1. For residue 167 and residue 147 in the same chain, what is the full-extension length gain: residue separation times 0.36 nm, less their Cα-Cα distance, in nm?
2. Please order 118, 124 by the number of other Cβ within 10 Å, starting at the fewest.
3. Given the convex hull of the Cα atoms of the stretch 73-230, what is a quarter of its surface area in nm²?
4. In nanometres, what is the gap between the two model label sites at residue 222 and residue 138, each 7 Å from Cα along Cα-to-Cβ?
5. Under the Karplus relation 6.51 cos²θ - 1.76 cosθ + 1.60, θ = phi - 60°, what is the ordered set of whole-Hz ³J(HN,Hα) values for the stretch 154-159, x standing for Gly and Pro?
6. Each residue of the stretch 180-186 in order: what ³J(HN,Hα) in whole Hz does its phi give by Karplus 6.51 cos²θ - 1.76 cosθ + 1.60, θ = phi - 60°, with x for Gly and Pro?
7. Would you list 73, 139, 200 from fewest to most Cβ contacts within 10 Å?
8. Kindly put 195, 98 in sequence by how many other C-beta atoms sit within 10 Å of each C-beta, fewest to most.
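Readers should treat all values here as calculations from the given coordinates under stated rules, not as data from a laboratory. In this text the structure is predicted, and so the values were computed from the model without any measurement. For neighbour counting, all protein chains shown are included, and Cβ atoms are generated from backbone atoms with ideal geometry for every residue, glycine included.
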Amino acid sequence: MEDSPLSRRRLLWGAAGAAGAALVTAGLPRLIGAGEKAESVPPSPVRKAPVAAGPPALLHPDRSVDYAPAVWVEASESNYVTSDRPESYPIKYVIIHLTTDILPIMLSKFKDPAERVSAHYVISAAGTRIAQCVRERDVAWHSGSIWYNYRSIGIEHEGWTDQPVYTDTMYEASAVLTATICAKYEVPADRDHILGHIEVPHSTHEDPGPVWDWDKYMKLVEMARQRVRT
């Protein structure tokens, strides 16, 4: 295990979380409520989108979230490693993913112990709904690399790599979340530390795909980071 200096980090946690929540709730429509179905991406014109078996899992009001605008939709305990980060492992990266499934199916996969996959957060295509599935202190199985999993937070975005489904609201919601994580764990808000899944060494995935606008996203992250910092 690695040592992780915590001199300023704990002071940043509360302020960053509150600031991130204020930024999101000021600019986004209402978030998902208990019992609601998550919005789905419009079906592809060249392939039929999978049909969800039912609504996403019921929320667990007894579990608080790390990021105030999110709702808790817990992944199976078989799909992540319980930890006490950043004490045990420093959080150094944010990794951007694409679901290639509609939101309810992705959430159901995270709840299925046979899938052996999870992410900390999932953001809907419309950008109006954020689910937290794994606590930030725990290790989600999202990058395909054990080393990066232990040192990163994974954010999934609803959509497909070959379709321009990324909305402005999704970019904005994701950027505020990423900026808040960077502020909380003192992660530099740059492209050396905010990675696409495809950029993880030895990755076999191509997400977030060629239609993801990194220039736009990083500008939004920097704007949100400045606001979280103040």
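1. Details: separation 20, 0.36 × 20 = 7.20 nm, distance 3.14 nm.
Using 0.36 nm per residue and subtracting the Cα-Cα distance, I get 4.1 nm.
2. Values: 118 28, 124 25.
Sorted ascending by nearby Cβ count, the order is 124, 118.
3. That works out to 8.4 nm².
4. Placing both labels 7 Å beyond Cα along the Cβ direction yields 3.6 nm.
5. So the Karplus estimates, Gly and Pro as x, are x, 10, 8, 10, 5, x Hz.
6. Result, rounded to whole Hz: 5, 4, 4, 5, 5, 10, 6.
7. Values: 73 26, 139 23, 200 20.
So the ranking, lowest neighbour count to highest, is 200, 139, 73.
8. On the way: 195 18, 98 24.
By the 10 Å Cβ count, ascending: 195, 98.
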